[in-house]
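Accompanying notes for the structure given below.
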Amino acid sequence: MSELLYANKLKDVREASKLSLQDLADCVGCSKTNIWELEKTTANPTLKTAYKIAAVLGVTVEDIWPPQIQVVEETITVRRLRGV
């Protein structure tokens, strides 16, 4: 079983820049709802949008969307053979 852990820092970076959802949306040229969905990770930005957002906020794309970390859980089952 593997589980992908993913989070972004868009909301934190936006709030640190003292921008509202609407302010950032206006600067980027998208809807307030789209920015909200990106913050909640219910939507993924296009590469163009990600770079626009980073430019407006004065950070890199990696500052907002760090590389994904994959956590893998493995289960090993050991069985004894009869007579061993």
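Data for the structure
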item: Shape category assigned to the range 6-47 from the gyration tensor of Cα positions, a/c cut at 1.5; result: oblate
item: Length released on extending from ALA7 to ASP23, taking residue separation times 0.36 nm less the Cα-Cα span; result: 3.5 nm
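Laboratory data are not the source of any read-out in this text; all were calculated from the coordinates shown. Everything quoted here is computed from the prediction, not taken from an experiment.
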